[in-house]
1. Looking at I177 and the list (1) at pLDDT 95 or above; (2) of a type outside the set (D, E, K, R); (3) in contact with a Phe, Trp or Tyr (Cβ under 9 Å, 6 or more places away or on another chain), which single condition is not satisfied?
2. Could you figure out which of (1) in the same structural domain as E205 (by TED's automatic domain parsing); (2) loosely packed, with under 15 Cβ neighbours inside 10 Å; (3) at positive phi isn't true of R314?
3. From the residues in region 143-191 that are of a type in the set (V, I, T) and over 30 Å from the mean Cα position of the chain (by Cα), which one is surrounded by the most Cβ atoms within 10 Å (Cβ to Cβ)?
4. Run Q194 past the list (1) in contact with a helix residue (DSSP H, G or I) (Cβ under 8 Å, 6 or more places away or on another chain); (2) surrounded by fewer than 20 Cβ atoms within 10 Å (Cβ to Cβ) and report the number of the one that doesn't hold.
Amino acid sequence: MKFFSNRLNNRLQELLTLKEEFVAINQKLITTEKNIINEKESLIRLKEGINNDKEELKGVYENVFTSVEWLKDKYADFYFLLDEKSIVYPKGRYATKCFEAQKEFAKENKVLRRKVLDLEQQLSQIESLIPDVEEIVDITSEDKYLDDVEVDTTDKIDLLVKQTEQIQLSRTEILQIALDRYVNRKMSKSAVGQDYERYIGYIYEQQGYKVQYHGIKKGLADLGIDLICKKGKETLLIQCKNWSKTKNIHENAINQLFGTSMKYYLDKWEVNKYKSKGSLFEDIGIPFNEDFKPVFITTTELSSTALEFAEALRIEVLTIPYNKNYPRIKCNIGKDEYGLPTYIYHLPFDQKYDITQNVLNGGENVLTVEEAENKGYRKAFRWRGE
């Protein structure tokens, strides 16, 4: 009996111990719950504080940072203070004048910096509306010099291959190096665009078209027509756009091509002019067909709206990637003053390169100077008149 009593007491003691542990655990749970509630309240207060800070920052942004003019002024003021700090305090007879001149310089610098920011902002707005403007502002003096038909080819070769280099080279090697450097030089956006026009012109020449490089000839006055391609009764008015893949072409480019194509049509077929006056072409409609049509050629994509405009205005759209390694050398078969055939090749920086229609008279395009000379062609000389 005593044995069972001891076991019962032990069991009761264990249960009391478990009860105490349970009470302790329960107390911990209560404490933890209170801590969670406190943390939750803290998080709510923190969130409210963040929201208040957010609203405050939003107010600061709206009241201050949306004011571009304010930022421009602060930018100019900041550098003005830096300029003032860098003023050297001279000694001697002209110290005062020198000090005043430096202060005046710092003030002028501040005005100029402010003006630069204004111009950068204006240019950014223009670029967003007229992406072509990049080609205009990016043109370099070297590009203009190399593509100027009035500049002697010899002078261009001397620019591309220094005379000290030429001493050790043959004439063929000099011309090939000049061509390679001309093609692989760091081109401005304008020069790349011009080369793309030549590449597209090359493609159409290979198809038997007579190509007029209207954009290269007219420059900014081309009004959106880069190439005029003719074969038989067919006339194509082509605009070329070699733009980055990140840019989309919008409907303004399509509208420009449509307008200039209509102007070209009316100028060439004046009999239709009177029909269009005041009638919005309702008599003649849109005169584009397989024999006369505008073609928009690009390396990138058109916006959906631009595509809708192109379809509605009967403008053909083609995507043709830019291949920089096409055969640029034009080998031409002509006739001399006695009617005898002449075999002459033209490099891209030659005076008559863009007006040479070599394919139509049995000529060809090749990649290297050596290839042209092996085929019996000689380098074109500059015609200086009698």
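The values are calculated or read from the model by the stated rules, or taken from the named source; none is laboratory data. Here the structure is a predicted model, which means the values were calculated and not measured. Here the Cβ is made from the backbone with ideal geometry for all residues, glycine too, and neighbour counts use every protein chain on show.
1. (3)
2. Just one mismatch for R314, condition (2).
3. Top of the filtered list is I174.
4. Every condition holds for Q194 apart from (2).
Matching residues to (1) in contact with a Gly (Cβ under 9 Å, 6 or more places away or on another chain); (2) farther than 21 Å from A380 by Cβ; (3) of a type in the set (F, W, Y); (4) not in a loop (DSSP other than H, G, I, E, B):
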| residue | (1), (2), (3), (4) |
| --- | --- |
| Y145 | no, no, yes, yes |
| E150 | no, no, no, no |
| T172 | no, no, no, yes |
| I177 | no, no, no, yes |
| V183 | no, no, no, yes |
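Conditions tested, residue by residue: (1) within 30 Å of E251 (Cα to Cα); (2) in a loop (DSSP other than H, G, I, E, B); (3) in contact with a helix residue (DSSP H, G or I) (Cβ under 8 Å, 6 or more places away or on another chain).
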position	(1), (2), (3)
P321	yes, yes, no
K324	yes, yes, yes
N332	no, no, yes
G339	no, yes, no
I344	no, no, no
P348	no, yes, yes
N365	no, no, yes
A372	no, no, no
